[in-house]
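The values are calculated or read from the model by the stated rules, or taken from the named source; none is laboratory data. Computed from a predicted structure; not experimentally measured. Virtual Cβ from ideal backbone geometry, glycine too; neighbours counted across all protein chains shown. Heads up: the accessible areas ignore ligands, DNA and RNA and are worked out on the full protein's heavy atoms, side chains in. Shrake-Rupley method; radii C 1.70, N 1.55, O 1.52, S 1.80 Å.
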Amino acid sequence: MSDPLTILWRDEHLVAVFKPAGWLVHRTGLDAHACRFVLQTLRDQIGQPVWPVHRLDRGTSGVLLMALHAEAAGRLGQALAGGAMDKVYLALVRGWLRAGVRIDHPLRPDEAGPDAPAQQASTVVRPLARLELPGQADPRFGTVRASLVEARPLTGRRHQIRRHLKHLSHPIIGDATHGKGPLNRWWAARLGHQRLWLHAQSVAFDHPYSGERLQVHSGLVAPGQEAPACQAPPCPCDVPDWHALFGLPWAPAGDGPDNAAP
């Protein structure tokens with residue numbers, strides 16, 4: 001039986017949980033070996049059905065919003081489709097991103113053929129901190145550089161943040177599909193384990209019944225960020241992974257030319 005999920009916020013219509021890295025949102029035939037599912041675990045934990053409102057990749061940790069009845073799921077789905085839900089993610093990426101940027105880069109659905117039209121996709125990215133460590137993930141360079149970034153997707157395409165950061169030449173560390181294998185392995189050895197370093201930090205939306213503006217935050221605050229105005233919840237189960245990362249010698253993100261390597 002799976003461990004209980006951390007509930008970050010709940011009322012009679014909605015529930016927000018902390019999704020650990022490595023969990024799927026629900027059962028799928030794409031990974032027959034998976035054994036930890038948010039939907040089924042939460043249903044058993046609270047004793048009632050739940051409806052997913054949005055998705056997080058298996059490797060992504062953080063805030064996941066679910067509905068407690070079908071009508072609430074429909075209302076929140078409309079808000080999500082209309083761009084009325086603000087989501088903030090943290091990511092560890094290759095190289096130094098020195099300035100904020102809006103990425104407007106259309107994306108073709110992953111499963112679509114090469115002739116399928118690409119769909120509009122936009123993400124705003126802001127650097128938080130930068131790091132340079134001795135070591136070689138690439139024989140051309142004698143150090144390894146990385147940035148902590150904040151990403152705000154303005155549209156909701158599949159794998160949008162991961163694909164946009166790759167397009168920016170700053171792929172997410174630990175991304176086996178869109179990242180750099182040697183660099184992923186270097187960081188896995190440095191940090192002690194392999195994972196996708198992407199975290200759904202917060203989601204803000206108008207409550208579909210009261211109209212109140214709500215922000216649900218995971219409680220994780222990165223170097224270069226201010227603590228949230230709302231009271232942070234207790235640290236969920238895999239936040240220590242991020243705290244170990246934050247304990248490295250980060251410096252403030254600086255201005256100047258962008259540098260995606262090494």
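Which residue fluctuates the most in the chain, going by a Gaussian network model with Cα springs under 10 Å, if the choices are 103, 173, 46? Of the options given, 46 has the highest mean-square fluctuation.
Given the chain, report the % of alpha carbon pairs whose separation exceeds 25 Å. More than 25 Å apart: 46 percent of the Cα pairs in the chain.
Extension gain residue 143-residue 81, at 0.36 nm per residue separation less the Cα-Cα distance, in nm? Write down the numbers at each step before the final one.
Working: separation 62, 0.36 × 62 = 22.32 nm, distance 4.25 nm.
Contour length minus Cα-Cα distance gives 18.1 nm.
Placing unit charges on the Cβ atoms only, positive for Lys and Arg and negative for Asp and Glu, gives the chain a dipole magnitude near 640 debye about its Cα centre.
Here's how it looks for residue 170: its modeled amide H is under 5 Å from none belonging to a residue 5 or more places away or on a different chain.
With contacts taken as Cα pairs under 8 Å at a separation of at least 6 residues, region 114-259 carries a relative contact order of 21 percent. Between the amide H of residue 96 and those of 259, 260, 261, distances stay under 5 Å, these residues lying 5 or more places away or on another chain, with hydrogens modeled in the peptide plane.
With the dipole of the chain worked out from charges on the C-beta (+1 for Lys and Arg, -1 for Asp and Glu) around the Cα centre, which of 170, 124, 244 lies farthest toward the positive end? Ranked along the dipole, the leading option is 170.
So for region 47-146, Kirkwood radius off the Cα pairs, Stokes-Einstein at 25 °C and 0.890 mPa s: how many µm² s⁻¹? Spell out each step's value before the answer.
Working: Rh = 17.5 Å.
Stokes-Einstein gives a translational diffusion coefficient of 140 µm²/s.
Taking all protein chains as shown and a probe of 1.4 angstrom, residue 51 keeps an accessible surface of around 90 Å². Dipole check for region 63-137: with +1 at the C-beta of Lys and Arg, -1 at the C-beta of Asp and Glu, and the Cα centre as origin, the magnitude is about 380 Debye.
Counting each pair of different Cα atoms once, what's the Kirkwood radius of region 52-105 in Å, rounded to one decimal?
Value: 13.9 Å, from the Cα pair sum.
In a fully extended conformation the segment linking residue 99 and residue 178 would gain 26.3 nm over its present Cα-Cα distance, using 0.36 nm per residue. Dividing the Cα radius of gyration of region 75-210 by 2.2 N^0.38 Å, with N the residue count, gives 1.16.
Using the average count of surrounding beta-carbon atoms within 10 Å as a protection proxy, the listed peptides 219-226, 112-119 rank, highest first, as 219-226, 112-119.
Near residue 172, once Lys and Arg are set to +1 and Asp and Glu to -1 for all other residues with Cβ below 12 Å from its Cβ, the sum equals +4.
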